[in-house]
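Peer 1: Next up is a structure, given as structure tokens.
The values are calculated or read from the model by the stated rules, or taken from the named source; none is laboratory data. The model shown is predicted, which means the values in this text are computed figures rather than measured ones. Here Cβ is always computed from backbone atoms with ideal geometry, including for glycine, and neighbour counts include all displayed protein chains. Ligands, DNA and RNA are excluded from the accessible area calculation, which covers all protein heavy atoms including side chains. Shrake-Rupley method; radii C 1.70, N 1.55, O 1.52, S 1.80 Å.
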Amino acid sequence: MGEDGESSKLNHSFLRDYVTEADVISTVEFNQTGDLLATGDKGGRVVIFRREPEVKGEEEELAEVGEYNVYSTFQSHEPDFDYLKSLEIEEKINKIRWLPQQNAAHFLLSTNDKTIKLWKVSERDRRPEGYNLKDEEGRLKDISTVTSLQVPVLKPTDLMVEVRPRRVFANGHTYHVNSISVNSDGETYLSADDLRINMWHLDITDRSFNIVDIKPVNMEDLTEVITAAEFHPHHCHLFIYSSSKGTLRLCDMRASALCDRHAKIFEEPEDPGNRSFFSEIISSVSDVKFSHSGRYLLTRDYLTVKVWDLNMEKGPVETYQVHEYLRSKLCSLYENDCIFDKFECVWNSTDSVIMTGAYNSFFRMFDRETGRGVTLEAWRESSKPRAVLRTRRVYTGGRRRRGDVGVDSLDFTKKILHMAWHPEENIIAIAATNNLYIFQDRVNSENTENQ
């Protein structure tokens, strides 16, 4: 992850020349192999990209690692209306999660604020022909005209990608769903809203089991809300959830059915000297992710990204400043509501590098071994194949370099909130408003362990 950024180059970008609210990407997710990439937008659509097979060059070396091209597009959710509460329910896709692949078909969960859906994605490249009781157009024949019997055969046809809804999990949440997470047992998943976490079985749609409920008897006593939740990648009885107060609670479902009492709580003591009006807002955790090993937690609040050790509750083991230069701008960021933006964070495949988003189309990467961070930019000029992903720097004082961006020049409408990292390779997907950028490291794998 060197400062020159020469090793990271653009692989593919999916761009549109116009921006409407419905086109803004709201979630990005690779499947378990990394061959499929799904995005959801505010218009309720899901777009699935598939990685093309690798192409060999003249010298029988890999000349091009397969690019991601559009595989399927479908409408996942439609606008709805809650007549009991007189509230509109947006079609915006909040989260997408892939299920582990069991057969030739792929399955994914998608959710808006209220309803979770299970989709089956499958291919069809053959069709049956030679029916005895139907003609070529599918109409029933007159039985009296059938004089002989034939065996139907499958004949090749153009590849068709079919996406069908298999389950609809509705009426499980009173408040807005912010997280879904598939359990390692492959049979259950959790969904979290502001005050409750439910566990569902993938085959049962009409009921769920409430495992966390922090709603007070009197809503005036409400002091915090749930912001994110995730199952442990290896232990099906463990899950973590974060709160707007900056705390993380690890729950063990073996201890009790209702996990209102946590097994562990992770929080960082607040420095009274830094206490301000904005302290609680900027300490709210917007995302939490287990490492692939299951040993660490990665969290993002407004100004920092932190790594926690599951065996050490008293505080994070690593803290990285994402955009500390905005601390002096919190008042104006509060006025334009940017202070409430929810940034995501991700691990690379080896848990050695972490990534999160920022403003001005910037995103940050931090090398855990060296502690160094780098600022990169997802922008139109880098959208050409083989374009080098350049590093950027925000000028905060001292000597100003050529190309530095001043804090007052940052564009707060261009924010990188959603991203994903390939589960096995150094390929990242960055959502920038209505654009999806896919960047890939071109350096030989033995030199990219810390890229």
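Peer 1: Output the Kirkwood hydrodynamic radius of segment 149-297, Cα pairs only, in Å rounded to one decimal.
Peer 2: Details: mean 1/r = 0.0563 Å⁻¹.
17.8 Å is the Kirkwood radius here.
Peer 1: I need the P(r) histogram for segment 229-284: all alpha carbon pairs, bin width 10 Å from 0 out to the longest distance, whole percents.
Peer 2: 22, 42, 23, 12, 0
Peer 1: Among the listed pairs 306/415; 215/245; 289/329, give every one whose C-alpha distance is greater than 23 Å. Intermediate results must be reported in sequence, preceding the final value.
Peer 2: Details: 306/415 20 Å; 215/245 15 Å; 289/329 28 Å.
The pairs that break the limit, which is 23 Å between Cα atoms, are 289/329.
Peer 1: Past the 27 angstrom mark, what percentage of all C-alpha to C-alpha distances in the chain do you count?
Peer 2: Of all Cα-Cα pairs in the chain, 58 percent lie more than 27 Å apart.
Peer 1: Continuing with this model, one more query. Using a Cα-Cα cut-off of under 20 Å, which aspartates and glutamates could be cross-linked to residue 141, ignoring same-chain neighbours fewer than 8 residues away?
Peer 2: Filter leaves 129.
Peer 1: Follow-up question, since we're still on this one. When the helix-only estimate is applied to the chain (DSSP H runs of n ≥ 4, each -39,500 (n - 2.57), divided by the residue count), what is the mean residue ellipticity at 222 nm, nearest 500 deg cm²/dmol? Before the final figure, lay out each step's value.
Peer 2: On the way: 2 runs with 11 residues, N = 451.
Dividing the helical sum by the residues of the chain leaves -500 deg cm²/dmol.
Peer 1: Tell me, what does the Kirkwood hydrodynamic radius of segment 280-375 come to in angstroms if you use every pair of distinct C-alpha atoms?
Peer 2: Values: mean 1/r = 0.0724 Å⁻¹.
Result for segment 280-375, one decimal place: 13.8 Å.
Peer 1: Okay, moving on. On a full-extension model of 0.36 nm per residue, what is the gain between residue 220 and residue 312, subtracting their alpha-carbon distance, rounded to one decimal in nm?
Peer 2: Values: separation 92, 0.36 × 92 = 33.12 nm, distance 3.33 nm.
In short, 29.8 nm is gained.
Peer 1: Would you calculate the volume per residue, in Å³, of the smallest convex hull containing every Cα atom of segment 98-178? Mind showing how you got there, number by number?
Peer 2: On the way: hull volume 12.5 nm³, N = 81.
Roughly 154 Å³ of hull volume per residue.
Peer 1: Highest mean first, how do 348-357, 108-117, 159-168 rank when packing is the count of other Cβ atoms within 10 Å averaged over residues? Before the final figure, lay out the partial values.
Peer 2: Values: 348-357: 21.3, 108-117: 23.0, 159-168: 13.2.
Descending mean neighbour count gives 108-117, 348-357, 159-168.
Peer 1: Could you sort 334, 83, 359 by their accessible area in this structure, using a 1.4 Å probe and putting the largest first?
Peer 2: Details: 334 85, 83 185, 359 5 Å².
Listed by decreasing accessible area, they come as 83, 334, 359.
Peer 1: Taking only protein heavy atoms into account and a 1.4 Å probe, give the accessible area per residue of the chain in Å².
Peer 2: On the way: 23290 Å² over 451 residues.
Ligands and nucleic acids excluded, the figure is 52 Å² per residue.
Peer 1: Sticking with this structure for a sec: Using +1 on the beta carbon of Lys and Arg, -1 on that of Asp and Glu, and nothing else charged, what's the dipole of the chain about the Cα centre, debye to 20? Numbers along the way, then the final one.
Peer 2: Numbers: 57 positive and 74 negative charges, 57 e Å.
Here the size comes out at about 280 debye.
Peer 1: Let me ask something additional. Sort 267, 67 from largest to smallest accessible area, using a 1.4 Å probe on the heavy atoms of the protein chains.
Peer 2: Details: 267 85, 67 60 Å².
Order by accessible area, largest first: 267, 67.
Peer 1: Can I ask one more? With label points built 7 Å along Cα→Cβ from the Cα atoms of residue 20 and residue 204, find their separation and express it in nm.
Peer 2: Calculated label separation equals 4.2 nm.
Peer 1: Taking all protein chains in place and a 1.4 Å probe, what share, in percent, of the accessible surface of the chain do carbon and sulfur account for?
Peer 2: Details: 11030 of 23290 Å².
It is 47 percent, rounded to a whole number.
Peer 1: Taking H as built 1.01 Å from N, whose amide H comes closer than 5 Å to the amide H of residue 435, not counting residues under 5 places away?
Peer 2: Sorted by chain and number, the residues that satisfy this are 25.
Peer 1: State, to one decimal in nm, how far the label point of residue 133 lies from the label point of residue 263, with both points 7 Å from Cα in the Cβ direction.
Peer 2: For residue 133 paired with residue 263, the spin-label model returns 5.6 nm.
Peer 1: Compute the orientation-averaged projected area for segment 342-442 from the convex hull of its Cα atoms and round it to one decimal in nm². Walk me through the intermediate numbers first.
Peer 2: Numbers: hull surface 29.1 nm².
Averaged projected hull area, Cα only: 7.3 nm².
Peer 1: Give me the extension gain from residue 411 to residue 235: residue separation times 0.36 nm, minus the current Cα-Cα distance, reported in nm with one decimal.
Peer 2: Numbers: separation 176, 0.36 × 176 = 63.36 nm, distance 4.20 nm.
The span from residue 411 to residue 235 would gain 59.2 nm if fully extended.
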